[in-house]
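Derivation of every value follows stated rules applied to the coordinates shown; laboratory data play no part. These numbers were taken from a predicted model, which means no experiment stands behind them. Please note: Cβ atoms are built from the backbone with ideal geometry, for glycine as well, and neighbour counts cover all protein chains shown.
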Amino acid sequence: MKLLVLATLLGLSSAQFDPHMKDGRTSLVHLFEWRWADIAEECERYLAPNGYGGVQISPPSEHIVLTNPWQPWWQRYQPISYNLCSRSGNENELRDMITRCNNVGVNIYVDAVINHMCGAGGGEGKHSSCGSYFNANTKDFPSVPYSAWDFNDGKCHTGSGEIENYNDIYQVRDCRLVSLLDLALEKDYVRGKVAEYMNTLIDMGVAGFRVDACKHMWPGDLSAVFRRLNNLNTKWFSSGSRPFIVQEVIDLGGEPITASEYTGLGRVTEFKYGAKLGTVIRKWSGEKLSYLVNWGEGWGMMASGKALVFVDNHDNQRGHGAGGASIVTFWDSRLYKIAVGLMLAHPYGVTRVMSSFRWDRNIVNGQDENDWMGPPSYGDGTTKPVPINPDSTCADGWVCEHRWRQIRNMVIFRNVVNGEPLSNWWDNGSNQVAFGRGSRGFIVINNDDWTLDATLNTGLPGGTYCDVISGDKQGSSCTGKQVQVGGDGYAYFNISNSEEDPFIAIHADSKL
Ligand code: AAO
């Protein structure tokens, strides 16, 4: 009996670590600031056919609308209410997107901003995305409703009311993060309102949440909220499925609040991953690709089953949040493709691909003066649609990294090798490495300043394989390089350091 109870508890508690992806899919993509209407189309026309398992969407809740600076992307991290109209679209469009994406096997994960409302001192009469009235001075948000009683200010003991010192765990949880009005999540009423918001989305069919700013909430309060969440909608998910939870906690070490306080509640964003991988790929601090032989837990990261990993995110690609200058982004496209390729080939963590918009980057003394710029939009601030070029790339300032052949094909690689262990590691002691995933896939990377020339054990059955980095398998032919694997599993690789993409990847489904 005791065992049964334990098993049930374990079964239930493990479920929020599972992204519940369909048909053996393994990766999600953050379609940062995309409109719901465009995401619905993208699910049908691109994500489903190319094996993406889910989309992290920008916050769907009603947010402040700012004019100085002009409609920054970050206005969506300042909720005004839990009404479902935002810069990305209204409630009907949201519902339509969730339904259509689910119907083609692509999950939706919501960025939930529940730690705070808008910035303090915003005053009365400011704009909000559904037109709801609010008054930040009196902490009045009648569309929830929240009033002054529902905020933490009484508990914060810094002179400014702000978080002044990340070494003081009380400040970090009870004071304002960059002046954002901090909700009192220990109150049953506030927990109830937050859970009601999240449950509305669950009932609409979302598969889970990326929960914003979790470092700034007490784990006990979060646990109380998560316990109130409904199971996923059985129209698309098996009965008893718990919502997938990813908590945003920035833990690069050196602060008293650690990711491990949160890993019992759900997955946690592993920020060390992108920061360290960036350092390795850039060859800073004497780092080398060959050191990745024990990549993952061996590098001081959390357990693989607790981690959500990414090369860059919407904050650190523009100098917000943390990670520092080492973070690789689409601006360094050659290094970026290697980094994302490596992430997707490696078994560690649940992987998230970033999909960005371009902005007028203007770095002055190490700071990007235009780090606030919002998505491609019309003069009135309405977000532009995402037009697709005949060559399947995106236009109008949308970068669409997830459509880059090298990245898209590695998302498929990850699905093909799902569940296989890391195998046949090889390195040259420098920046040339190769590894396989059982007998299902193999990747070879050259980040040295000279040619890679080696015969390696791929672990794959003999045959001719199409390299999915330089091209695609189309029917029985290959538009890129071909790799001959002998009956013993060995293959010869030659990768010049001056190639556009100095890496090769082959897998069971790319066999000709
Ligand atoms: C905007 C304005 C503010 C204004 C405010 C209210 O920029 O000037 O006061 O409105 O009017 C986003 C933007 C913010 C924006 C906000 C609201 O990034 O600029 O404020 O929307 O519109 C911390 C949090 C983390 C947070 C991150 C940005 O812990 O949760 O800051 N990320 C999320 C979202 C983000 C969003 C919010 C939260 C708020 O992803 O988009 O903000 O909803 C240390 C700490 C980290 C801390 C960083 C930030 O990091 O560890 O926890 O992140 O500092 O400064 C080394 C260390 C590393 C350290 C880092 C930086 O790398 O190793 O630990 O240095 O010091």
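Restriction of the chymotrypsin sites (Phe, Trp or Tyr not before Pro) in segment 375-442 to DSSP coil positions whose beta-carbon has at most 16 other beta-carbons within 10 angstrom yields 378. Computed from point charges on the beta carbon alone (+1 for Lys and Arg, -1 for Asp and Glu), the dipole magnitude for the chain about its Cα centre is near 1120 Debye.
Using the beta-carbon distance between residue 231 and residue 294 and R0 = 45 Å, what value does 1/(1 + (r/R0)^6) give for FRET efficiency, to the nearest 0.05? With a Förster radius of 45 Å, E is 0.75. A DSSP coil position with no more than 15 other Cβ atoms inside 10 Å describes the following chymotrypsin sites (Phe, Trp or Tyr not before Pro) in segment 59-113: 70. Axis of helix 271-281 versus longest Cα principal axis of the chain: the two differ by about 40°, to the nearest ten degrees. If you model segment 108-240 as an ellipsoid using its alpha carbon gyration tensor, with each semi-axis the square root of five times an eigenvalue, the axes come out at 27, 19, 12 Å, biggest first.
For the pair residue 96 and residue 135, label points projected 7 Å from Cα toward Cβ lie 3.8 nm apart. The value for the chain of Rg(Cα) / (2.2 N^0.38 Å) is 0.98.
About the centre of its Cα atoms, segment 8-115 shows a dipole size close to 100 debye [charges on the beta carbon of Lys, Arg (+1) and Asp, Glu (-1) only; nearest 20 debye].
With K and R counted +1 and D and E -1, the other residues having a Cβ less than 15 Å from that of residue 364 yield a net charge of -2. The label-point distance for residue 158 and residue 509, in a model that sets each label 7 Å from Cα toward Cβ, rounds to 4.8 nm.
Applying a 4.7 Å Cβ-Cβ cutoff to the chain, the cysteines left without a disulfide-compatible partner are 118, 214. Applying 1/(1 + (r/R0)^6) with R0 = 22 Å to the Cβ-Cβ distance of residue 104 and residue 203 gives a FRET efficiency near 0.65. Taking each residue as 0.36 nm, the span from residue 439 to residue 425 lengthens on full extension beyond its C-alpha to C-alpha distance by 3.8 nm.
Restriction of the chymotrypsin sites (Phe, Trp or Tyr not before Pro) in segment 151-245 to DSSP coil positions whose beta-carbon has at most 16 other beta-carbons within 10 angstrom yields 166. Extending 7 Å from the Cα toward the beta-carbon at both residue 325 and residue 482 defines two label points whose distance is 4.7 nm. Against the main long axis of the alpha-carbon atoms of the chain, helix 2-15 sits at an angle near 90°. Highest mean packing comes first when the peptides 269-279, 38-48 are listed by Cβ atoms within 10 Å, giving 269-279, 38-48.
The residue among 395, 412, 426 whose Cα reaches farthest toward the positive pole of the charge dipole of segment 385-438, with charges on the beta-carbon of Lys, Arg, Asp and Glu, is 412.
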